Every structure is written in C-alpha cells, then in structure tokens.
Amino acid sequence: MNKVILGSISMDLKRVAMGYFRGSHTTADRFLLEAQRRKDEIDSEKLSPYLQRLFKSLDKLSLENDLDKKAEDALMYSTLFQNAALLKKGV
C-alpha cells in the first residue's frame, strides 16, 4: 500500500513543480497541500530510515519563499519518492 501512496505523492509533487514553473501558484499550492495530506496515509513504521528523513524534510518545502527553489525541490522530492515506489524493498 505504501508504494501506491508514494507514487501518488510523487505525482502531486511533480504537479507542484510544474505549477510553480508555469506561474500557476494557486494550483501548485493546492497540490503541495494534497501531497502533505497523503503523507499522513503512509505507514511510517514500514519505511526505511532514508524515506522517513525525506518525509521530515518535505514539511520544510511549504516554508520556502523562493518559488524557483520550491519548484526545484518539489521536482527532486518527486523523483526520489518515485524511485522509492519502484523499488522492491525498503517501502
């Protein structure tokens, strides 16, 4: 189940990045909120320590004021969570 949620979070974060890059800040903020809500659905006991640290740092994303950096970070997190969802272990 965690893999599906990680995949969904990855897609939400990709939409965040695309929204900020395109200037659709309201849409990007909405998908960031959705990604943060989905994070609560994860069974964190089953996650590797690496993914647990990523989720903790994901919370800082909404505090970033530089929108370009916010977009780049969202894209980076999206890729990392997508890779984790595709792995066979550690999720």
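The values are calculated or read from the model by the stated rules, or taken from the named source; none is laboratory data. As the structure is a prediction and not an experimental result, all values here were calculated from the model. Cβ sites come from the backbone with ideal geometry, for glycine too, and all protein chains shown count toward neighbours. Areas reflect the complete protein model, heavy atoms only, side chains present, ligands, DNA and RNA absent. Shrake-Rupley method; radii C 1.70, N 1.55, O 1.52, S 1.80 Å.
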**Message:** From the list Phe55, Phe31, Phe21, exactly one residue is in contact with a Ser or Thr (Cβ under 9 Å, 6 or more places away or on another chain) and either farther than 14 Å from Asn2 by Cβ or at pLDDT below 95 (or both). Which is it?
**Reply:** Phe55
**Asked** Of the residues in region 57-70, how many are more than 11 Å from the chain's Cα centre (by Cα) and surrounded by 17 or more Cβ atoms within 10 Å (Cβ to Cβ)?
**Response** 1
**Request:** List every residue pair whose Cβ atoms lie under 7 Å apart, where the two residues are 6 or more positions apart in sequence or sit on different chains, the first residue falls within region 16-28 and is on the phi < 0 side of the Ramachandran plot, and the second residue, located anywhere, is among the β-branched types (Val, Ile, Thr) and at pLDDT 95 or above.
**Result:** Gly19/Thr27; Ala28/Val16
**Asked** Looking only at region 3-56, which residues are open to solvent by less than 50 Å² (accessible area, probe 1.4 Å), farther than 18 Å from Lys70 by Cα, among the polar types (S, T, N, Q) and in a helix (DSSP H, G or I)?
**Response** Ser8
